[in-house]
1. Is it the case that Arg45 is surrounded by fewer than 17 Cβ atoms within 10 Å (Cβ to Cβ) and either at pLDDT 85 or above or charged (D, E, K, R) (or both)?
2. Which residue, of Arg142, Arg162, Arg137, Arg154, is modelled with pLDDT under 80 and either crowded, with 19+ Cβ neighbours inside 10 Å or within 28 Å of Ala85 (Cβ to Cβ) (or both)?
3. Do we find that Asp36 is under 13 Å from Leu82 (Cα atoms) and within 18 Å of the chain's Cα centre (by Cα) in this structure?
4. Out of the residues in the stretch 57-79 that are closer than 22 Å to Arg154 by Cα and touching a residue at least 12 places away in the same chain (Cβ under 8 Å), state the one that is farthest from the chain's Cα centre (by Cα).
5. Taking the stated definitions as given, is Glu130 modelled with pLDDT under 85, exposed (fewer than 14 other Cβ atoms within 10 Å of the Cβ) and farther than 30 Å from Val38 by Cβ?
Amino acid sequence: MDLKRRLRDGRHSLWLRLARRGNEDAFRRLYGELYDPVAGYIAARVRGGHDAEDLTGEVFHRFLQRLDDFETGRGSVMTWVLAMARHAVIDHHRRLDAHGAARRQAVPVEEMADVLAGDWTDPLGLLIREENLRQIRQLLRREPDQVREMFALRFGQGLRVREVAEVMGLGEDAVKQRFARTLKKIRQELLTQEPEGKGGPECMIAE
C-alpha cells in the first residue's frame with residue numbers, strides 16, 4: 001500500500017475513533033474527506049441530482065448511526081462507507097423497480113473517458129496509451145454490469161483490487177480473475193485491429 005493511502009486510512013481510523021467518543025470536529029473532518037468519493041459514486045449511478053443528493057444524505061446518516069460497527073481489521077473506513085453507498089444504490093433501484101419506474105442503469109463507462117485516459121502506470125494504463133480509447137470504451141460496454149462497476153471502482157474511485165472486493169462483497173481472488181479475464185479479452189479484441197507485429201503490455205491487473 002502506498003504511503004499516501006496508508007496515511008489517509010490511518011487518519012480516517014483516528015477520526016472515527018474520536019467521533020465514537022463524541023468528538024464533533026473529528027466527525028466533521030471525516031465527513032469532509034469522505035463526502036466527495038461517496039457523492040461521486042452515487043451520482044454516477046443514480047439519475048436525477050436531487051435523488052443522488054438525498055441518497056448521499058441517507059448514506060451519511062446510516063454511517064453516523066453505525067460508527068460503532070466499524071472493525072479496523074476488515075478494511076479501511078473509505079471502503080466501508082463506499083460499501084454502504086453501493087448497498088444504498090442497489091436498494092434505491094430496487095425501490096424504483098418495485099414501482100415500475102426504474103430503468104436498469106449500468107456504470108456509465110462513456111463518462112469515464114478522462115479517468116481511463118489518465119496517466120496510469122499499471123498495464124491497463126499502458127494499454128490505453130497505446131490503443132484507441134473509443135474502442136476500449138466500446139469493449140467495456142459489452143461487459144456485464146458487475147465488471148463495469150469493478151472497473152469504475154478500480155480506475156474511477158482509485159481503489160485497490162482488495163478494496164474493490166471489499167466494496168462489492170466479493171472474494172479478492174475472484175475479482176483478480178475477473179479483471180485478468182476482461183483485460184485479456186480487451187487485448188485480444190484490440191490485437192485483431194492492430195498492424196501485424198505490433199506488441200503491447202501484458203494484461204495483468206496491478207495490485
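1. Numbers: surrounded by fewer than 17 Cβ atoms within 10 Å (Cβ to Cβ): no; either at pLDDT 85 or above or charged (D, E, K, R) (or both): yes.
In short, no.
2. Working: Arg142 fails: modelled with pLDDT under 80; Arg162 fails: modelled with pLDDT under 80; Arg154 fails: modelled with pLDDT under 80.
Arg137 is the lone residue from the list that is modelled with pLDDT under 80 and either crowded, with 19+ Cβ neighbours inside 10 Å or within 28 Å of Ala85 (Cβ to Cβ) (or both).
3. Answer is yes for this residue.
4. Step by step, filter the stretch 57-79, then rank; the result is Thr72.
5. Yes; evaluated as a whole, the condition is true for this residue.
The values are calculated or read from the model by the stated rules, or taken from the named source; none is laboratory data. In this text, all values refer to a predicted model and were calculated from it rather than measured experimentally. Counting neighbours? That spans all protein chains shown, and the Cβs are built from the backbone with ideal geometry, glycine included.
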